[in-house]
Amino acid sequence: MDPVEYAAINRDQDLESQRELFGLSFPETLGTSVHSKEHYTWKFLNFPNSPSSYEFVARENKTIVGYYAALPYKYHLKGVGTKLCGMVCDVMTHPKMRGKGIFTKIGSYSTKKL
């Protein structure tokens with residue numbers, strides 16, 4: 001059985017760990033506004049759509065080891081109409097967990113939920 005659990009993000013409990021993982025995954029953002037909670041809020045909580053974002057995490061022992069996010073866009077398809085779809089962004093795997101299938105598993109879990 002996989003000791004990693006996959007779920008929708010719980011911002012109240014997961015945001016600190018998500019920001020830590022962001023810094024590990026994108027170290028070039030450390031010390032910049034892109035690494036701030038304000039940037040996260042702008043990007044994922046203020047997007048002009050409903051919902052404003054889709055976010056999923058992979059946890060091992062209550063620590064976030066993977067993250068998968070998508071921003072909702074409305075696409076107009078000829079003959080089909082308007083459909084809401086997620087544009088994937090900020091997909092991350094903890095450096096110590098790379099090579100263990102986290103990226104593949106969180107991607108599969110997230111797209112099923114989308």
Excluding residues fewer than 8 places away in the same chain, name every one of the aspartates and glutamates whose C-alpha is closer than 14 Å to that of residue 113. 55
Starting with the highest mean, order 33-40, 73-80 by the number of other Cβ atoms within 10 Å, averaged over the residues of each peptide. 33-40, 73-80
By how many degrees, between 0 and 90 and to the nearest 10, does the Cα long axis of helix 11-25 differ from the longest principal axis of the chain? 70
Filter on 43/100; 62/96; 37/112 - keep pairs with C-alpha separation over 26 Å: 43/100; 37/112
Share of pairwise Cα separations in the stretch 65-108, more than 14 Å, in percent: 57
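Using the C-alpha gyration tensor of the chain, what are the square roots of 5 times its eigenvalues, in whole angstrom, with the largest one first?
Working from the Cα gyration tensor, I get semi-axes of 25, 19, 12 Å.
With a 1.4 Å probe and all protein chains left in place, how much of the accessible area of the stretch 34-114 comes from carbon and sulfur atoms, in whole percent?
C and S atoms contribute 56 percent here.
The values are calculated or read from the model by the stated rules, or taken from the named source; none is laboratory data. In this text the structure is predicted, and so the values were computed from the model without any measurement. Neighbour counts are summed over all protein chains in view; Cβ atoms, including those assigned to glycine, are modelled from backbone coordinates with ideal geometry. With ligands, DNA and RNA removed, areas are computed over all heavy atoms of the protein, side chains included. Shrake-Rupley method; radii C 1.70, N 1.55, O 1.52, S 1.80 Å.
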